[in-house]
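Worksheet: the structure to be examined is printed underneath.
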Amino acid sequence: MIDVHAHICDDGLLPFADKIAADMTSDGLSAIIDSSYCPRSAGIALGNARKYARVFCTLGVHPEEYDKYSPEIERNFAQLYRSEKKVVAIGEIGLDYHYPELPKDRQWDVFERQLSLAGSLNAPVVLHVRDAIGDAYSILRNHENDLKGGILLHCYSGSKEMVKQFDRFDCYYSFGGAVTFKNATEKPDVIRAISYDRILLETDCPYMTPVPFRGKINFPAYVRLTCKKIAEILDKSFEDVDQTTEQNAKRLFPRLC
């Protein structure tokens, strides 16, 4: 299995980094992508990728951190993506309208600038989209030429109808612990609406802990619970989902190979 979206760089998980890396084989993990969300976490994630053989990273500024983006950060991300082969994408980037105090216009600007950056690097992008699915789609349409490296909609929360819209960009969709929640009644239909060769596994750890560990800290090892649930939804074996999602991840992120 590959956990395509974890936050080992987060202060809540960083103390466990050595153990997470040491236990990957026994946990059934062939790779973990440590997804950064601000300049500070980008430096930590890159350090983790350099330290641990099967940990990779992304570089990006999350919409909640919009005020930390700058031309200097952009140049630094570009240089690192070109020089560090374990940097697999620009992300996580996007839009978050859940908190009304976050200015939409500033989020738009930082999102668009990072899409342009990814386009100049021919890099994949990892998107965070929360309560902003329509605007995110509009921005992607305006930046279609910047999306040649591929797109991951992490922790996809849109409808099955929107899957058809996002498929114009040849998107990939990842799912985490939320698929195991009792109130996630719409998730099975959404997952069935997605082409099997575009589904990926994630944890978003230390957040979004799956059942039966909900309420506790999340770890990359728990990606197996998401794999098991998706296998049930798609009426496939655990091994089939494990192998297929790993192949899908390597197709989107060729630097994993």
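The values are calculated or read from the model by the stated rules, or taken from the named source; none is laboratory data. The model shown is predicted, which means the values in this text are computed figures rather than measured ones. Heads up, the Cβs are rebuilt from the backbone with ideal geometry, glycines too, and the neighbour counts pull from every protein chain shown. Heads up: the accessible areas ignore ligands, DNA and RNA and are worked out on the full protein's heavy atoms, side chains in. Shrake-Rupley method; radii C 1.70, N 1.55, O 1.52, S 1.80 Å.
Whenever you get a sec, compute what percent of the accessible area on the chain sits on carbon and sulfur atoms (1.4 Å probe).
Answer for the chain: carbon and sulfur cover 49 percent of the accessible area.
Work out, step by step, the length gained on full extension between LEU80 and ARG106: first 0.36 nm times the residue separation, then minus their alpha carbon distance; give nm to one decimal.
Using 0.36 nm per residue and subtracting the Cα-Cα distance, I get 6.9 nm.
Gain in length, ALA22 to LYS228, computed as 0.36 nm per residue apart minus the alpha-carbon separation, to one decimal in nm? Write out the running numbers ahead of the final one.
Details: separation 206, 0.36 × 206 = 74.16 nm, distance 2.29 nm.
Once the chain is fully extended between ALA22 and LYS228, it gains 71.9 nm.
Hey, rough spin-label estimate for ASN122 and TYR196, points 7 angstrom out along Cα→Cβ, what's it come to in nanometres?
3.1
Could you report the range 114-183's accessible area per residue, 1.4 Å probe, as an integer in Å²?
Per-residue value: 40 Å².
Here are several values of Cα extents along the principal axes in Å: (1) 53, 43, 38; (2) 63, 38, 31; (3) 45, 41, 34. Which one was derived from the coordinates shown?
Of the listed options (1) 53, 43, 38; (2) 63, 38, 31; (3) 45, 41, 34, (3) comes from this structure.
If you count, for each residue, the other Cβ atoms within 10 Å and average over each peptide, how do 18-30, 199-211 line up from highest to lowest?
Numbers: 18-30: 15.3, 199-211: 23.0.
Top to bottom by mean Cβ count within 10 Å: 199-211, 18-30.
Putting +1 on Lys and Arg Cβ atoms and -1 on Asp and Glu Cβ atoms, find which of ASN218, GLY149, GLN243 reaches farthest to the positive end of the dipole of the range 110-257.
So the residue furthest toward the plus end is ASN218.
FRET efficiency for LYS164 and ARG130, Cβ-Cβ distance as r, R0 = 30 Å, nearest 0.05?
For R0 = 30 Å, the calculated efficiency reads 0.90.
Once both labels are modelled 7 Å past Cα along the beta-carbon direction, what's the SER138-LYS68 spacing in nm?
If labels sit at SER138 and LYS68, their model points lie 2.8 nm apart.
On the Cα set of the range 123-243, report Rg and Dmax in Å, please.
Every Cα atom of the range 123-243 included, Rg and Dmax give 14.3, 42 Å.
Quick one: accessible area per residue over the range 1-104, 1.4 Å probe, rounded to a whole number of Å²?
40
Name the lysines eligible as straight-distance cross-link partners of LYS104: C-alpha to C-alpha under 30 Å, and not fewer than 8 places from it in the same chain.
Partners found: LYS68, LYS148, LYS160, LYS164, LYS187.
Between ASN145 and CYS257, what is the spin-label point distance in nm, taking each point 7 Å from the Cα along the Cα→C-beta axis?
Simple spin-label model gives 2.8 nm for this pair.
Cβ under 14 Å from LYS160's Cβ, LYS160 left aside: what net charge do those residues give with Lys, Arg +1 and Asp, Glu -1?
0
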